[in-house]
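Scroll down for the structure; my scribbles are underneath it.
The values are calculated or read from the model by the stated rules, or taken from the named source; none is laboratory data. These numbers come from a predicted model, not from an experiment. Note: ideal-geometry Cβ built from the backbone for every residue, glycine included; neighbour counts use all protein chains shown.
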Amino acid sequence: MLWRKSTIGCIVLGLCASLAGATNAFALNPVTSSIASFTLIAPTSEVPSGLLARAVIASGAGCPMLSGSTSAGRTFALPMRLRSKPALAGAAYSALDVCERGIPTGTDNAMVGSRVIPATLPSRIKRIALTGDSGCRITSLAVQNCANTSAWPLARISRNIAKDKPDVIINLGDYFYREAECPVTDQGLCASSPPPPGNLPVTGSAMSWIADALIPMQPMFDAAPILMARGNHESCARGGIGYFLFFSPQRSTALQCAPSIVDGKVVVPSNDISPTWNATWQVGDSDATAHTLDIEVIDSAYGGDQSVDSYAAIQRPSYVAAARRVAKEKPDEAWLLTHRPIFGMISTQYSDGQSVWTSPNQTAASQGLLGDFNLILSSHVHVAQAVNIPNQPAQLVIGNGGTLLDPATGYETPKYGPLSNVDGSPLSPLATPYPAPTSTWTDVRFGYIIATPGTQTKSWSLEHRDERGKPFASCAVANRLAKCRTTH
């Protein structure tokens, strides 16, 4: 049975305008009440195949079956299991349950209930979609036009990523942006977004996650397995409960943001860093360039953007774990994924005369641990950006996935490096400044990246595409350098 998006949006959720253009139809299984289904890239230590099936269902409807067949011709039908939900989340998440099951190794095709989901990765990956920072911003200070798919193009981007047929998708975090009740004067922009819950010290709820991510992202969910990194908007005080319920790939983290009662008040954890984890794939466009790519995923949901403080020491073990694994396993190539960039720049319009280098706690925490990485992938800054620091891996920022963009100007290549003040002096006695960048490139428009392996080992061609799927820039990545240029 097929329920139109208007039925889901208006009757079930009251979110008609926010779902405009998200999809032409939305599959709702009448038996399982599935609202969204997808396949997560997961640690092989928890799921041997590295693929975890998830289904978001109406609360109490009962989990669907995960069914399919393997390359050996064996069929299977496995009951999915409820993912733990924080007891004190209460009304904010009472309407939904989440079911999960590891996809068996060797699976050729799979279904959650009656919905087909991605079931496998190719033996050699040739096409990766990259995106990040996608939610629709609603705060007391700024309201994005969530009702307009040009002003908030996540649905368009999701559809075009699906059309590009990637083998795998990497999302670098920050899915949840509906953090305030819609101002009375902006009701036409907020598209009936639900207000923050009144029973919790957080801004996220199940209904806001449905509007900000689950429905508009469904086309890309259908297209390929997806790696969903955690962003700072998924801290426990913001959208963390929803992230760990819906998107965290680790079964053991379901209750990481669970509220508790302390001195008679409901509180949530702070500085709760998830364990560093990795995925290893075979990539290459030919037998001659086929090689092993290790991707280390860092949880950088916390840590300030202006200074180095004691948090850097709290974060450092995450980078130590990644560096040690790469040093031990010695893959042909290694990428570091961290939502907050190591070498990312904000506009001088935001810097107020101070350093443009953002997230210095992450920069300090990772210092001395980047030698085995070829590339750093991040979002957080709402632009497309590339930064080359001498003797360091290239930094790509892909934070233009739908949320309100940063200023269009103010990204001149600075004459001072990360962890420096504008005069070149150390930003903090806790960290050593890096040299000034050899080059930077920034383009401010909505879009995503399609990355394909180059003709030489450890080289990549990255095509930036706008929300319509049209190319607007290209980057060549090789020898730990990213050379980017705007083409349109």
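Residue pairs whose Cβ atoms lie under 8 Å apart, sitting 6 or more positions apart in sequence or on different chains, and linking a residue in segment 149-162 that is outside any loop (DSSP other than H, G, I, E, B) to a partner that is surrounded by 22 or more Cβ atoms within 10 Å (Cβ to Cβ) and among the polar types (S, T, N, Q), are Leu154/Ser134; Ile157/Thr131; Ile157/Ser134; Ser158/Gln218; Ile161/Thr131. Number of residues in segment 409-426 that are part of a loop (DSSP other than H, G, I, E, B) and without any contact (Cβ under 8 Å) to a residue 60 or more places away in the chain equals 5.
Here Leu141 meets each of (1) free of Cβ contacts under 8 Å to residues at least 12 places away in the same chain; (2) under 16 Å from Tyr448 (Cα atoms) with one exception, condition (2).
Pairs are defined by a Cβ separation below 9 Å, a sequence spacing of at least 6 or placement on different chains, a first member in segment 66-89 that is free of Cβ contacts under 8 Å to residues at least 60 places away in the same chain, and a second member that is among the aromatic types (Phe, Trp, Tyr); the pairs so defined are Leu66/Phe76; Ser67/Phe76; Gly68/Phe76; Ser69/Phe76; Thr70/Phe76. Every listed requirement among (1) at pLDDT 95 or above; (2) part of a loop (DSSP other than H, G, I, E, B) is met by Gln395 save one, (2). Taking the stated definitions as given, is Asp97 over 29 Å from Asn232 (Cβ atoms), in contact (Cβ under 8 Å) with a residue 12 or more places away in the chain and either of a type in the set (Asp, Glu) or part of a loop (DSSP other than H, G, I, E, B) (or both)? No. As a summary of the residue check, Ala290 satisfies the conditions (1) at pLDDT 95 or above; (2) out of contact with any helix residue (DSSP H, G or I) (no Cβ under 9 Å at 6 or more places or on another chain); (3) small (Gly, Ala, Ser); (4) more than 18 Å from Pro43 (Cβ to Cβ) except for the one numbered (1).
Looking only at residues of segment 448-475 that are in contact with a Lys or Arg (Cβ under 7 Å, 6 or more places away or on another chain), surrounded by 23 or more Cβ atoms within 10 Å (Cβ to Cβ) and within 20 Å of Ala394 (Cα to Cα), we find that the one that is modelled with the lowest pLDDT is Pro453. So which residues in segment 359-381 are surrounded by 24 or more Cβ atoms within 10 Å (Cβ to Cβ) and farther than 23 Å from Pro453 by Cβ? Listed by number, the residues that qualify are Ser359, Pro360, Asn361, Gln362, Thr363, Ala364, Ala365, Ser366, His380, Val381.
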